[in-house]
Amino acid sequence: MILISKYIVPRGYIGLTIFPFMFLKYKALKENMILVNHEKIHLRQQLELLIIPFFIIYSIEFLIRFIHCRKWSLAYKNISFEREAYENENDLGFLQKKSFWSFIQYF
């Protein structure tokens, strides 16, 4: 379910997914199929990890990467879940062929 909220989506981002919701900063972004696909990949990742473990792993991995590189944007872009989503966001058929826990290859 796609919801619009410029208050829930953090500054500097245009989308945020917290199962089962996809929050977009602006209504017009619903038409951006690349962004929607990126967020749908996160929905699948969250389901595969039964939601709560996804956020725990995501947070720990972000902290480790941030400590290592000391740059917020670089740490964020190198989280395995984000790497899988960014690498495959242009492939609108990715979710049909995505294998279970395929994000592991991005660690």
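Observations on the model:
- Residue match in segment 63-70 (condition: more than 21 Å from Phe23 (Cα to Cα), surrounded by 12 or more Cβ atoms within 10 Å (Cβ to Cβ), touching a residue at least 12 places away in the same chain (Cβ under 8 Å) and out of contact with any helix residue (DSSP H, G or I) (no Cβ under 6 Å at 6 or more places or on another chain)): no
- Of the residues making up segment 67-76, those that are in a helix (DSSP H, G or I) and over 18 Å from Phe54 (Cβ atoms) number 6.
- Positions within segment 27-62 being surrounded by 13 or more Cβ atoms within 10 Å (Cβ to Cβ), over 20 Å from Ser99 (Cα atoms) and either more than 11 Å from the chain's Cα centre (by Cα) or among the acidic types (Asp, Glu) (or both), in sequence order: Leu29, Lys30, Asn32, Glu61, Phe62
- Residues being outside any helix (DSSP H, G or I) and either among the polar types (S, T, N, Q) or loosely packed, with under 12 Cβ neighbours inside 10 Å (or both) - total across segment 81-102: 5
- Among (1) at pLDDT below 95; (2) touching a strand residue (DSSP E or B) at 6+ places or on another chain (Cβ under 7 Å), the one test that Lys6 misses: (2)
The values are calculated or read from the model by the stated rules, or taken from the named source; none is laboratory data. Note that this is a predicted model, so its numbers are computed, not measured. Cβ: placed from backbone, ideal geometry, glycine included. Neighbour counts: every protein chain shown.
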